[in-house]
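Following: one structure in structure tokens, then a few remarks.
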Amino acid sequence: MPVLPRDLSLRLDDLGGLLDDPAPLRHAAVLAPLLSEETPGEGPRLLLIERAGNLRAHAGQLAFPGGKPEPDDPDLAATALREAWEEVGLPPGQVTVLGRLRPVPVPTGFLIIPYVGLVDGPFEPRPQAGEVTAILTPSLRRLSDPSVYRFVGERTWQGTRYELHEFQIHHPPLWGATARIVHDLLHRLDLAPPRPAVAPEE
């Protein structure tokens, strides 16, 4: 049964670490909220949202709460917490931000900075009308199940080579930038599902 290691914060990138200038991209921030166990034996859960189908960007996709920084946000961690409050009703005071995951560039022009937050106590999500269609809370155990995971291959974008992952936990599946963030988190928790074996070339 997956459990959160006591040294989880040490497995993440330091909150105080400097971020490189994202130019020509712009920074955005998301929060990966870790929730307590709901079903016995399933372990901690991860909160995801399904974005509304009428949005201009990433419509209908699974994502983490997040978005662009506002002038009043003191830093990007505050951006992630504010967006989680606006999109799913998660009080910022109920979240302990433990650290960051690897930045993820996306073709829409942003460099996403993912923050991992531990949610203290019970929490009943409230989806933001017009932007969030559904809220999913898959367990880390389910996300680490090889039967729902698919390695899609590697791509190069703007000179950077990266891996593509897919998790068949919903329709549509979890894919793209969010799947890369989830895989990064699972890897740091020693829970990443193994890649399917590739037959040697003849």
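The values are calculated or read from the model by the stated rules, or taken from the named source; none is laboratory data. These numbers were taken from a predicted model, which means no experiment stands behind them. Here the Cβ positions follow ideal geometry from the backbone for every residue, glycine too, while neighbour counts run over all protein chains shown. Note: accessible area is taken over every heavy atom of the protein model, side chains too, but ligands, DNA and RNA are not part of it. Shrake-Rupley method; radii C 1.70, N 1.55, O 1.52, S 1.80 Å.
Show the residue pairs that are 6+ apart or on different chains and have beta-carbon atoms under 6 Å apart, the first residue being within region 135-160 and under 12 Å from Pro194 (Cα atoms) and in contact (Cβ under 8 Å) with a residue 24 or more places away in the chain, the second being open to solvent by less than 60 Å² (accessible area, probe 1.4 Å) and part of a helix (DSSP H, G or I).
Ser144/Leu186
Would a scan of region 82-97 turn up a residue that is farther than 21 Å from Pro193 by Cα, within 13 Å of the chain's Cα centre (by Cα) and at pLDDT 95 or above?
The answer is yes; a qualifying residue exists.
State which residue pairs qualify: first residue more than 16 Å from Leu98 (Cα to Cα) and inside region 1-23, second residue hydroxyl-bearing (Ser, Thr, Tyr) and open to solvent by less than 70 Å² (accessible area, probe 1.4 Å) in any location, beta carbons under 9 Å apart, and separation of 6 or more residues or different chains.
Here the result reads Pro2/Ser139; Pro2/Ser144, each pair linking region 1-23 to a residue that is hydroxyl-bearing (Ser, Thr, Tyr) and open to solvent by less than 70 Å² (accessible area, probe 1.4 Å).
Is it the case, given these coordinates, that Ile181 is in a loop (DSSP other than H, G, I, E, B) and open to solvent by less than 30 Å² (accessible area, probe 1.4 Å)?
Judged against the criteria, Ile181 is not a match.
Any idea which residue in region 8-27 is surrounded by the fewest Cβ atoms within 10 Å (Cβ to Cβ), counting only those that are assigned to a loop (DSSP other than H, G, I, E, B) and touching a helix residue (DSSP H, G or I) at 6+ places or on another chain (Cβ under 8 Å)?
Leu19
List the strands (runs of 3 or more DSSP E) inside region 43-156, counting only whole elements, that have at least 2 residues being open to solvent by less than 60 Å² (accessible area, probe 1.4 Å) and out of contact with any helix residue (DSSP H, G or I) (no Cβ under 8 Å at 6 or more places or on another chain).
Where strands (runs of 3 or more DSSP E) fall fully within region 43-156 and carry at least 2 residues being open to solvent by less than 60 Å² (accessible area, probe 1.4 Å) and out of contact with any helix residue (DSSP H, G or I) (no Cβ under 8 Å at 6 or more places or on another chain), they are 48-51, 110-119, 132-136.
Between Val116, Val148, Val106, which is among the hydrophobic types (A, V, I, L, M, F, W, C), within 16 Å of Ala63 (Cα to Cα) and in contact with a Pro (Cβ under 9 Å, 6 or more places away or on another chain)?
Checking each option against the conditions leaves just Val116.
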